[in-house]
Amino acid sequence: MTEITLHSPLDMHIHFRQDDMLKVVAPLSANHFAGGVIMPNLLPPVDNLDRLLWYTEEVRQACQPHAFDPYMTLFFRNYTFAELEAAKPHIIGIKLYPAGATTNSDGGVQEIMAMSAVFEAMQELDIPLLVHGETHGFVMDREAEFCEVYRALATKFPRLRITMEHITTEKAVGLLDEFENLRATVTPHHLILTLDDVAGGLLQPHLFCKPIAKRPEDREALLQAALRAHPKLMMGSDSAPHPRDKKECPGCAAGIFTAPILLPMLAELFERHGALANLQTFVSDTAQRLYRVTPPAKSVTLAKTTMTIPAQYGGVVPMWAGRELAWSVTSVQ
Ligand code: NCD
Ligand code: ZN
């Protein structure tokens with residue numbers, strides 16, 4: 001196959017930021033995708049209705065004139081039932097960050113299982129819980145250790161729909177088949193990279209993210225699940241732009257910027273493994289079913305025509321800047 005048309009692709013985990021950065025990055029997603037889950041880790045976080053409505057409007061404006069549904073999220077805190085009820089029509093879910101786990105998460109949760117009242121209320125109101133699943137343990141073990149928290153949540157709140165965000169381990173893939181109410185997003189970069197690509201040779205700041213890329217056997221488990229379009233696994237890029245000077249410095253910020261190259265990168269990967277026929281399910285159908293959303297109609301055609309990844313987009317360096325990809329987007333309708 002030398003051409004593929006994807007219908008209403010969705011990116012179920014994106015960082016759009018705010019102000020000038022928002023204006024640079026939002027159109028790049030809104031052009032290729034029909035919708036996406038917008039993360040709330042701004043400074044300060046999006047954790048009340050006023051700020052949510054303000055941010056939704058900012059995002060909508062930045063996505064003009066593309067047909068793109070922003071699925072908004074709130075930053076998890078100790079919300080009351082009434083607050084959750086009022087927010088529900090405006091959000092797709094609530095994103096929980098363990099305190100300090102990643103970029104702009106200092107206001108996250110200290111003791112997750114102490115938040116039962118909020119989880120109860122979310123379960124009652126059928127508001128999905130989206131989780132950054134890492135403990136504060138050794139960096140390579142953080143997600144595996146967090147699997148115990150996923151088990152506890154999934155068992156204690158069996159009707160709460162829980163998304164394990166950006167999974168990176170074989171162990172997390174295994175949980176999908178164990179608990180009915182667990183689903184996951186996975187990033188294209190975690191289907192491709194291991195820790196060796198990040199730090200095995202010269203240090204690659206533009207490949208540094210949280211959770212850090214893991215072992216070859218983890219990547220293999222993620223890749224096999226994605227290639228066969230596992231019914232509970234959705235594409236969520238975790239595209240996380242930072243200005244170049246925050247990446248190329250001592251104390252490099254975590255986050256990989258992939259928004260403009262996602263679909264070509266995935267087409268190349270799925271074609272190489274003979275799985276192009278499953279790409280539609282992975283980049284849209286599964287998310288539509290699990291989140292019960294109907295995005296605007298958008299047909300994105302990719303062809304086997306090379307593209308060179310630009311060195312930067314408005315001061316943000318994308319993953320693999322300067323490299324060639326075998327596929328590119330040829331039309332969006
Ligand atoms: C994200 C960011 O920069 O906001 N960084 C990252 O490394 N993925 C936050 C996150 O999703 O962890
Ligand atoms: Zn993220």
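Data for the structure
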quantity: The stretch 230-333: trypsin sites (Lys or Arg not before Pro) in DSSP coil with no more than 12 other Cβ atoms inside 10 Å; calculated: Arg292, Arg323
quantity: Sum of -39500 (n - 2.57) over DSSP H runs of 4+, divided by residues of the chain (222 nm, nearest 500); calculated: -9000 deg cm²/dmol
quantity: Long-range amide H partners of Phe76 with built H, under 5 Å; calculated: Lys95, Leu96, Tyr97
quantity: The stretch 127-142 and the stretch 146-172: distance between their alpha carbon centers, rounded to Å; calculated: 9 Å
quantity: From phi via Karplus (6.51, -1.76, 1.60), per-residue ³J(HN,Hα) for the stretch 35-41 in Hz, x at Gly/Pro; calculated: x, x, 8, 9, 6, x, 8
quantity: Cross-link reach list, lysines versus Lys95, counting only Cα pairs under 26 Å and skipping chain neighbours closer than eight places; calculated: Lys23, Lys156, Lys171, Lys210, Lys214, Lys232, Lys246, Lys247
quantity: Cα Rg, Dmax (largest Cα-Cα span) when computed across the stretch 10-89, Å; calculated: 12.5, 37
quantity: For Gly255, distant residues with modelled amide H under 5 Å away; calculated: Phe208, Cys209, Lys210
quantity: Shape box of the stretch 128-225 [Cα atoms, principal axes, largest first, Å]; calculated: 46, 28, 19
quantity: Normalised convex hull volume, the stretch 149-204, alpha-carbon set, Å³ per residue; calculated: 81 Å³
quantity: Taking all pairs of distinct alpha-carbon atoms in the stretch 202-333, Kirkwood radius in angstrom; calculated: 16.2 Å
quantity: Normalised alpha carbon radius of gyration of the stretch 252-316 [divisor 2.2 N^0.38 Å]; calculated: 1.35
quantity: Positive dipole terminus of the chain, leading residue within Ala275, Ser105, Pro211 (C-beta point charges); calculated: Ala275
quantity: Label point distance in nm, Glu248-Gln204, each placed 7 Å from Cα along Cα→Cβ; calculated: 1.7 nm
quantity: Inter-centroid distance (Cα atoms) of the stretch 234-300 relative to the stretch 1-80, Å; calculated: 13 Å
quantity: Taking N as its residue count, the alpha carbon Rg of the stretch 282-333 over 2.2 N^0.38 Å; calculated: 1.50
quantity: Compactness relative to 2.2 N^0.38 Å, alpha carbon Rg of the chain; calculated: 0.92
quantity: Local electrostatic count, Gly255, Cβ distance below 11 Å [Lys/Arg +1, Asp/Glu -1]; calculated: +3
quantity: Distance cut-off 15 Å, percentage of C-alpha pairs in the stretch 89-169 lying past it; calculated: 56 percent
quantity: FRET efficiency for Glu124 and Ala152, using Cβ-Cβ distance with R0 set to 22 Å, rounded to 0.05; calculated: 0.70
quantity: Global size of the stretch 213-271 as Cα Rg and Dmax, reported in angstrom; calculated: 14.1, 41
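FYI, it's all coordinate maths here, none of it is from the lab. These figures come from a predicted structure and were not determined experimentally. Cβ atoms come from the backbone with ideal geometry, glycine included; neighbour counts cover every protein chain shown.
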